[in-house]
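J.: I have a structure here, written as structure tokens, and I will follow up with some questions on it.
The values are calculated or read from the model by the stated rules, or taken from the named source; none is laboratory data. What you see is a predicted model, and the numbers here were worked out from it, not measured in a lab. Glycine gets a Cβ as well: all are built from the backbone with ideal geometry, and neighbour counts include every protein chain shown. Just the protein is used for accessible areas: all its heavy atoms, side chains included, with ligands, DNA and RNA removed. Shrake-Rupley method; radii C 1.70, N 1.55, O 1.52, S 1.80 Å.
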Amino acid sequence: MALSMHKESLNNKQMDSSKYVRYTPEQVEALERVYSECPKPSSLRRQQLIRECPILSNIEPKQIKVWFQNRRCREKQRKEASRLQTVNRKLTAMNKLLMEENDRLQKQVSHLVYENGYMKQQLQTASVTTTDNNSCESVVVSGQHQQQQNPTPRHPQRDANNPAGLLTIAEETLAEFLSKATGIAVDWVQMIGMKPGPDSIGIVAVSRNCSGVAARACGLVSLEPTKVAEILKDRPSWYRDCRCIDVLSIIPTANGGTIELIYMQTYAPTTLAAARDFWTLRYTTSLEDGSLVICERSLTSSTGGPTGPPTTSFVRAEMLPSGFLIRPCDGGGSIIHIVDHVDLDVWSVPEVLRPLYESSKILAQKMTIAALRHIRQIAQETNGEIQYGGGRQPAVLRTFSQRLCRGFNDAVNGFVDDGWSLMGSDGVEDVTIMINSSSGKFFGSQYNTSMVPSFGGGVLCAKASMLLQSVPPALLVRFLREHRSEWADYGIDTYSASCLKPNPYTVPCARPSGFPSSQVILPLAHTVEHEEFLEVVRLEGQAFTPEDVALARDMYLLQLCSGIDENEVGACAQLVFAPIDESFADNAPLLPSGFRVIPLDSKPVMDGPGAARTLDLASTLEVGPGSNRSTGDGETNSYNLRSVLTIAFQFTFENHLRDDVASMARQYVRSVVGSVQRVAMAIAPSRISSGLGPKSLPGSPEALTLVCWICRSYRIHTGGELLRADSQSGDALLKQLWNHSDAIMCCSLKTNASPVFTFANQAGLDMLETTLVALQDIMLDKILDEAGRKSLCSEFSKIMQQGFAHLPAGICVSSMGRPVSYEQVIVWKVVDDDNDDAANHCLALMFVNWSFV
């Protein structure tokens, strides 16, 4: 009887839940209003809705709940359908682009086959017929080589006041540009790693066997052609090496286009060579198919046209026909073709730097890819695909990045027209000191009058450049970013930050070890492909003597880091930072300093993963060259990369302390150079292969021993097994611990100091958002919240006596400041042996089922 009643009740419920309800337009309107405010109302809110809206009184609360469920489902389906349509449009456009690229490559292959046959015929004829050396040489260089050099015929000088003459140059530039963008005028070779796809940056290629250096890219963006053209013509917004661009003349053409005469200055990337400038003609027009074209070339004696402005601090470079082809895409958006082709006058730079000016890959990264990435960034921000925290608008964050780069470039170049002048040296030419006392330069966006003392002073820059051998730029900059305490002096950082205060501190002496401090990196923004990070760094200081109390305070740096992806061929790695105050206003004054590492040679193929070299770097620096650590298998390689490192640090000074600040800055830069050289020796693969460097984690004897202690101590104290019992060998145990899903980490056991982390598995590093290198800068009490610290303190005596304890669920924070939740923490004491006299080695913690909040 009871069973039959229960079945009947279930059947009634099913009938009620499946009962169809027809809503009136007024009822739908009322429900939609609530949905717009709260898509998922609670049961109380739904009951309140029925009471407040009499038109819904005839509908059961259960049916109201079903309506909201269906409404959320329809909204999800609509968004998914929209996303799929967008992806489909991208794939269709990319397919069209790939088909065009395939046609171009087939034409190039046909041309090369013809050239090859022609060369064979000429060589066979030359072998039969007796010719002189000159005729043989002319045969050998004929064909493709002549075409690739693409000499420009000399034209008579054309008057700047003659629009017809300039239009002729413009039309010639347009034809040559299109032959490079969509034709076979240049032998293009696709860059490694640039695979096409709906979410890829596009197809990127570099030149081979042509005059100068050239790069080409084509891709898709979800912006209309006119908007894309507007962004690309604003070159300083995306080309970080552009110092200024002046449009000296604008001439409209009969076809609705414009001809512009442009003078552009660019920064030199190092202190070892002069900056470049360009005098160009830029032609903007439309094609018959609706495409927009912006093409540009230098005006020289061979092309004709007016003569550009004279320069003294720059070397005049030549821009060969380059530009942008912007085609409208079906369904919205644009297909963009970009060509950059320049001759940077390589013979005017020192021989060691010539690879920097002869590399098409470096040109591609600095100009071609940078332009495409900037447009994609703007497109995603416009479409709302990127959301930044902290209430900052994307345009404001981009401005911060541009100001940091521009300030660092100004410091590296030290142009006389900016007010910079050279200061006498101390007899050693390794560090260059320049000063800028021009008050007019501190009213712009880069500096601020608050930086210059009212009773006289200015800005001092200490800079140096050095050549590095076999040091991957990405790894070096990554280490400098994550392990600041290895090279920075806290006292110098404090003096730099004092420029934001009305009463600056006295000039400190550069100390080899500085003040102990830890850093917390707070992310602000990153670009679409994560090739650049904008972040705030909080430096936490500690004082151990009374005279250090004034310096022991938290400071903040605005920091820009780029180029730390080892797979980016030809990319420049850079770390630039500037002190800021707690308010961090949008117009905050910035005085940037930092590092720039540029590869001079092409990157060879590595035999093993490069990231493993940094895992144990800190311990290598502590052990030193006398260490007897063995070299792991598979670490030998033929890495022979040369790169140039440029360092520049800026400080404010008062006139009566100028010499003291200069002495301090010179000493500090030399100290930083020494620290960087020491880090570079630890990173360099040549050091690894010689047996003096760090070892990858899986084969380290110390790591194997530590894992055995951790597992054995866990079994002794808790009676359970931390890892699978079938893993007896040390390598297998280490691999299991490293890949364990829970965050396992070890910290020091010192009664007179805060516990510092010494080891963590991969999950632990992910939870703390750090690396093994920077792990040693993180203290246990900094990541636990107040409840966690109290719980650990209350259980500490139990841990020391019984060997382990369980801490309840709670919240901790990563090194980036992100909250992390966990179900429980198992803490146990790690001893270095299993006998009665075993000594406490460290404390192990396992955060179970952690996740970011």
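J.: Skip the ligands, DNA and RNA, and give the accessible area per residue of region 30-112 with a 1.4 Å probe, whole Å².
T.: Each residue of region 30-112 exposes 68 Å² on average to a 1.4 Å probe.
J.: What percentage of all Cα-Cα pairs in region 224-337 are separated by more than 16 Å? Spell out each step's value before the answer.
T.: Details: 4141 of 6441 pairs.
That fraction is 64 percent.
J.: Averaging the inverse of every distinct alpha carbon separation and then flipping it gives the Kirkwood radius. What is it for region 241-293, in angstrom units? Kindly include the intermediate steps, with their values, before the conclusion.
T.: Working: mean 1/r = 0.0771 Å⁻¹.
For region 241-293, inverting the mean 1/r across all distinct Cα pairs yields 13.0 Å.
J.: Expressed in nm², what is the orientationally averaged projection area of the convex hull enclosing the Cα positions of region 740-852? All intermediate terms of the calculation are to be shown ahead of the outcome.
T.: Numbers: hull surface 27.5 nm².
Taking the Cα atoms of region 740-852, their convex hull projects to 6.9 nm² on average.
J.: A further question on this structure: Convert each backbone phi in region 292-298 into a coupling constant with the Karplus relation 6.51 cos²θ - 1.76 cosθ + 1.60 (shift: θ = phi - 60°), then list the ³J(HN,Hα) values in order as whole Hz, x for Gly and Pro.
T.: 9, 10, 10, 10, 8, 7, 6
J.: Do any of 735/829; 76/735; 79/233 go past 30 Å between their Cα atoms, and which? Let's see the in-between values first.
T.: Numbers: 735/829 21 Å; 76/735 41 Å; 79/233 34 Å.
76/735; 79/233, as the Cα separations exceed 30 Å there.
J.: Quick one: which residues, 5+ away or cross-chain, put their amide H under 5 Å from the amide H of residue 758? H built at 1.01 Å from N.
T.: 746, 747, 748
J.: Using a probe of 1.4 angstrom, how much of the accessible area of region 740-852 is carbon and sulfur, in percent? Mind dumping the intermediate values first?
T.: Working: 2420 of 5000 Å².
That fraction is 48 percent.
J.: With a 1.4 Å probe and all protein chains left in place, how much accessible area per residue does region 740-852 have, in Å²? If you can, show how the numbers build up before the last one.
T.: Values: 5000 Å² over 113 residues.
Accessible area per residue, region 740-852: 44 Å².
J.: Roughly to the nearest percent, how much of the accessible area of region 30-112 is carbon and sulfur, given a 1.4 Å probe?
T.: Numbers: 3070 of 5640 Å².
Whole-percent figure for carbon plus sulfur exposure: 54.
J.: Report, as a whole number in µm² per second, the diffusion coefficient that Stokes-Einstein gives for region 30-112 at 10 °C and 1.306 mPa s using the Kirkwood radius over alpha carbon pairs.
T.: It comes out at roughly 95 µm²/s.
J.: First measure r as the distance between the Cβ atoms of residue 731 and residue 554, then evaluate 1/(1 + (r/R0)^6) with R0 = 30 Å and state the FRET efficiency to the nearest 0.05. Please list the in-between numbers first.
T.: On the way: r = 43 Å, r/R0 = 1.43.
Calculated transfer efficiency: 0.10.
J.: Percent of accessible area on region 163-386 owned by carbon and sulfur, 1.4 Å probe?
T.: Values: 4300 of 7970 Å².
Carbon and sulfur: 54 percent of the exposed surface of region 163-386.
J.: Another one. Using the Cα centre of region 15-79 as the reference point, and only Cβ charges (+1 on K/R, -1 on D/E), how large is the resulting charge dipole? Debye, rounded to the nearest 20. Write down the numbers at each step before the final one.
T.: Values: 15 positive and 8 negative charges, 81 e Å.
My answer is approximately 380 debye.
J.: Could you give the semi-axes, largest first, of the ellipsoid that matches region 773-813, computed as the square roots of 5 times the alpha carbon gyration tensor eigenvalues and rounded to whole Å?
T.: Values: eigenvalues 83, 39, 13 Å².
Listed largest to smallest, the semi-axes of region 773-813 are 20, 14, 8 Å.
J.: In addition: How many nm is it between the label spots at residue 87 and residue 237, if each spot is 7 Å from the Cα in line with the beta carbon?
T.: If labels sit at residue 87 and residue 237, their model points lie 3.1 nm apart.
J.: Using the Cα gyration tensor of region 163-386, with a ≥ b ≥ c the square roots of its eigenvalues, what is the shape: rounded (a/c below 1.5), prolate (a/b larger than b/c) or oblate (neither)?
T.: Numbers: a/c = 1.57, a/b = 1.16, b/c = 1.36.
Cα axes put region 163-386 in the oblate bin.
J.: Could you calculate the FRET efficiency of residue 108 with residue 358 from 1/(1 + (r/R0)^6), where r is the beta carbon distance between them and R0 is 35 Å, rounded to 0.05?
T.: Details: r = 23 Å, r/R0 = 0.66.
Using R0 = 35 Å, I get an efficiency of 0.95.
J.: Right, here's the next one. Provide the per-residue ³J(HN,Hα) series for region 470-477, in order, calculated from phi with Karplus coefficients 6.51, -1.76, 1.60 and θ = phi - 60°, each as a whole number of Hz, with x at glycine and proline positions.
T.: Result, rounded to whole Hz: 6, 10, x, x, 4, 5, 5, 5.
J.: Separate question: Given bins 5 angstrom wide, list per bin the percent of all Cα-Cα distances in region 298-425, short to long.
T.: 2, 7, 10, 14, 16, 18, 13, 10, 7, 3, 1, 0, 0
J.: Starting from the Cα-Cα distance between residue 313 and residue 287, subtract it from 0.36 nm times their residue separation and give me the gain in nm to one decimal.
T.: Details: separation 26, 0.36 × 26 = 9.36 nm, distance 3.93 nm.
Separation in residues times 0.36 nm, less the Cα-Cα distance, equals 5.4 nm.
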